[in-house]
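Let me begin by presenting the structure, written as structure tokens, before commenting on it.
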């Protein structure tokens, strides 16, 4: 059974689950799209560190003794706090989440000794992949700001602990967080949440502007990467799920037209926008041929091809949907009518070999 409701102005979703394991997640609308580039990443690293009531070390030891698991995750849309624990420890972990949202200390030494090294390590490790560099570049040219912000902090800007604290006040607000609880008694959970007191400051919305016909080329060692990308609106998610299912999605392992030429497609779905991607990686010469064939394939898709992929597109939607991020839009033959003409393009790796956009 799934129950959705609101406490004060918090959105709360609770579901039953068998066994003695519970989980509570807090989804905060303040991912990398919010604030200045890199701020959300640094804020996510402050979560579960020192707060006004206890040190981060004490919390870590206590939660480990209870067998709990906690994490702070960043996406382009959200900062997500995850906790997993035994049912009887619900009060402790709800209180801990409350402490993160309302009582984090943001001490300067934590920024220099813990937060910055951890954030920069995330960036360094991710940047070893040319596919990551390409996806970042594709977001940048497709959206510029907001969803075009870097996912991770790259060290190019300086922020103080006070800067991050002030940023937290703009996103850790009552009308900007959602709670998802599994395997808990609903009345108990809502009772514990009643002690949470977040400000109700309205969150400044980031207008989503998208751009088409842009190109980015990055010289880099390692396997080459090329991608065609198209920014899309949430209203068009169904259309591009169908197109992705038709030509070959990364989520459907069966043989597909794209898989035969060494490429895949993805539909990245965000709250206020999305990005349809067709990509290939590997040897530069092979990637060059693959991305050219992929563009020809996209252009040759017929209406009957799209209509025959509606059921597969519904499977794609189900595979991408989750408890904390449900997808519920309708996919039927009325959405089987998409054409890709203009697009954005990125090439990373041996750009002397990889084609230009007008070569596709």
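Structure data summary
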item: Criterion (at negative phi and out of contact with any helix residue (DSSP H, G or I) (no Cβ under 7 Å at 6 or more places or on another chain)) met by exactly one of 311, 269; result: 311
item: Residue check, residue 126 in contact with a helix residue (DSSP H, G or I) (Cβ under 7 Å, 6 or more places away or on another chain) and touching a residue at least 60 places away in the same chain (Cβ under 8 Å); result: no
item: Residue in the stretch 278-299 that is modelled with pLDDT under 95 and surrounded by fewer than 16 Cβ atoms within 10 Å (Cβ to Cβ) present; result: yes
item: Count of the stretch 158-188 residues which are within 19 Å of residue 119 (Cα to Cα), in a loop (DSSP other than H, G, I, E, B) and in contact with a helix residue (DSSP H, G or I) (Cβ under 9 Å, 6 or more places away or on another chain); result: 2
item: Hey, residue 211 closer than 30 Å to residue 104 by Cα, within 21 Å of the chain's Cα centre (by Cα) and modelled with pLDDT of 95 or more or not; result: no
item: Qualifying residue in the stretch 142-153 (condition: in a helix (DSSP H, G or I), in contact (Cβ under 8 Å) with a residue 12 or more places away in the chain and farther than 29 Å from residue 83 by Cβ); result: yes
item: Among (1) part of a helix (DSSP H, G or I); (2) within 30 Å of residue 94 (Cα to Cα) - the single one residue 196 does not satisfy; result: (1)
item: Residue, farthest from the chain's Cα centre (by Cα), within the stretch 80-92, restricted to residues that are in contact (Cβ under 8 Å) with a residue 60 or more places away in the chain and within 11 Å of residue 25 (Cβ to Cβ); result: 84
item: Matching residues, the stretch 320-335, being buried (at least 16 other Cβ atoms within 10 Å of the Cβ) and within 9 Å of residue 238 (Cβ to Cβ); result: 331, 335
item: Scan of the stretch 222-241 for residues that are under 12 Å from residue 142 (Cα atoms), crowded, with 22+ Cβ neighbours inside 10 Å and in contact with a helix residue (DSSP H, G or I) (Cβ under 7 Å, 6 or more places away or on another chain), ordered by number; result: 228, 229, 231
item: Unique match (being surrounded by 18 or more Cβ atoms within 10 Å (Cβ to Cβ) and farther than 29 Å from residue 207 by Cβ) among 82, 130; result: 130
item: Residue 210 assigned to a loop (DSSP other than H, G, I, E, B), in contact with a strand residue (DSSP E or B) (Cβ under 8 Å, 6 or more places away or on another chain) and in contact (Cβ under 8 Å) with a residue 40 or more places away in the chain; result: yes
item: Some residue of the stretch 33-41 being more than 30 Å from residue 208 (Cα to Cα) and surrounded by fewer than 19 Cβ atoms within 10 Å (Cβ to Cβ); result: no
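The values are calculated or read from the model by the stated rules, or taken from the named source; none is laboratory data. Just so we're clear, the structure is a prediction, and the values are computed from it rather than from any experiment. When we count neighbours, we look across all protein chains shown, and the Cβ atoms used for this are built from the backbone with ideal geometry, even at glycine.
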